[in-house]
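The next block holds one structure in the form of structure tokens; read it before the comments.
The values are calculated or read from the model by the stated rules, or taken from the named source; none is laboratory data. A quick note: this is a predicted structure, and the numbers were derived from the prediction, not measured. Virtual Cβ from ideal backbone geometry, glycine too; neighbours counted across all protein chains shown. Accessible surface areas use protein heavy atoms only, side chains included; no ligands, DNA or RNA. Shrake-Rupley method; radii C 1.70, N 1.55, O 1.52, S 1.80 Å.
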Amino acid sequence: LDSSALSQGSHSKSLADHYLQQWQAKYPDGAIVQSDLSKEQPDHISEAMIQAMYTPEDNRSEQQLALLTDSDAYISTLKSADTVLFSVPMYNFTIPSTLKAYIDHILRVGETFQYGDQGPEGLLNGKKVILIVATGGDYTSAPYDAMDFVVPYLKTILSFIGLTDVSVVQAPNMARTDLQESMLANAKNELDQLV
């Protein structure tokens with residue numbers, strides 16, 4: 001799942017492509033479902049969509065069912081996946097708005113989480129997640145790690161729906177041409193290990 005707005009020159013997308021090439025070479029019969037949120041932008045959450053999500057399935061109108069078409073498709077893809085790969089650039093210290101919209105589609109009670117005796121319980125257990133995060137600066141250590149609202153947020157969201165096996169591969173300092181090559185090489189090496 002790519003979330004960069006760039007069609008060319010995206011470091012997060014290029015790293016995801018690298019991982020997919022290595023993975024396909026090792027598992028030539030494996031199936032990959034690839035989505036680019038810059039090309040297929042999810043609708044932002046609306047009052048009507050929220051009402052549709054909380055209306056029992058048997059009571060949903062045709063309009064409500066239509067409003068949940070994308071959400072249902074996203075969730076179905078997640079449920080069928082063994083591994084989920086997110087490629088994410090940092091925009092203004094957080095995730096792209098298209099990825100936030102996607103998250104609003106997939107966090108649905110009764111579908112990806114439920115409320116039990118101990119509180120919320122994730123329903124998408126047993127899957128592997130890889131987060132590829134590219135940033136202009138270095139937000140991997142103090143004091144600038146306090147400005148990272150990408151990795152902590154995504155790990156919280158994913159854990160909430162049961163996705164707790166998360167590997168994070170970061171490519172910091174992408175705005176520094178003197179460090180780009182070495183940072184990308186480090187990230188590619190980490191991805192090769194994950195394959």
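Tabulated results
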{"read-out": "Kirkwood hydrodynamic radius (C-alpha pairs) into Stokes-Einstein, region 1-41, 10 °C and 1.306 mPa s, D in µm²/s", "value": "144 µm²/s"}
{"read-out": "Pairwise FRET efficiency - Q8 versus Q34, Cβ, R0 = 22 Å, nearest 0.05", "value": "0.85"}
{"read-out": "K128 paired with D82, simple spin-label distance in nm, labels 7 Å along Cα-to-beta-carbon", "value": "0.8 nm"}
{"read-out": "Relative contact order, percent, region 1-78 [alpha-carbon distance under 8 Å, six or more residues apart]", "value": "30 percent"}
{"read-out": "Dipole-positive endmost among N92, S61, I45 within region 13-132 (Cβ charges, Cα centre)", "value": "N92"}
{"read-out": "Rg [Å, one decimal], Dmax [Å, integer] - region 15-95, C-alpha atoms", "value": "16.6, 47"}
{"read-out": "Volume of the Cα convex hull of region 123-192, divided per residue and given in Å³", "value": "75 Å³"}
{"read-out": "Listed residue pairs exceeding 21 Å between alpha carbons, taken from K39/K127; K127/K155; K100/K188", "value": "K39/K127; K100/K188"}
{"read-out": "Calculated FRET efficiency for the pair D178/F149, C-beta based, R₀ 45 Å, to 0.05", "value": "0.95"}
{"read-out": "Residue order for K79, K128 - accessible surface, 1.4 angstrom probe, largest first", "value": "K79, K128"}
{"read-out": "Share of carbon and sulfur in the accessible heavy-atom surface of the chain [1.4 Å probe, %]", "value": "48 percent"}
{"read-out": "Contour excess over end-to-end distance, with Cα ends at D72 and S167 and 0.36 nm allotted per residue", "value": "31.6 nm"}
{"read-out": "Dipole magnitude (debye, nearest 20) for the chain, charges at Cβ of Lys, Arg, Asp, Glu", "value": "320 debye"}
{"read-out": "Electrostatic dipole magnitude of region 1-56 [Cβ: Lys, Arg +1; Asp, Glu -1; Cα centre; debye, to 20]", "value": "200 debye"}
{"read-out": "Using θ = phi - 60° and Karplus 6.51 cos²θ - 1.76 cosθ + 1.60, couplings along region 174-190 (whole Hz; Gly, Pro as x)", "value": "5, 7, 9, 4, 6, 10, 3, 4, 5, 5, 5, 5, 4, 5, 5, 5, 4"}
{"read-out": "Those residues of region 65-82 whose amide nitrogen sits under 19 Å from the label point placed on A48, 7 Å along Cα→Cβ", "value": "65-73"}
{"read-out": "Read-out log10 I(q)/I(0) by the Debye sum over Cα atoms at q = 0.10, 0.13, 0.15, 0.17 Å⁻¹, derived from the coordinates shown; its label in (1) -0.39, -0.68, -0.92, -1.20; (2) -0.64, -0.84, -0.95, -1.12; (3) -0.45, -0.74, -0.96, -1.19", "value": "(3)"}
{"read-out": "Whole-angstrom gap from region 58-92 to region 132-173, using each part's C-alpha centre", "value": "22 Å"}
{"read-out": "Accessible area in square angstrom per residue, region 11-88, 1.4 angstrom probe", "value": "63 Å²"}
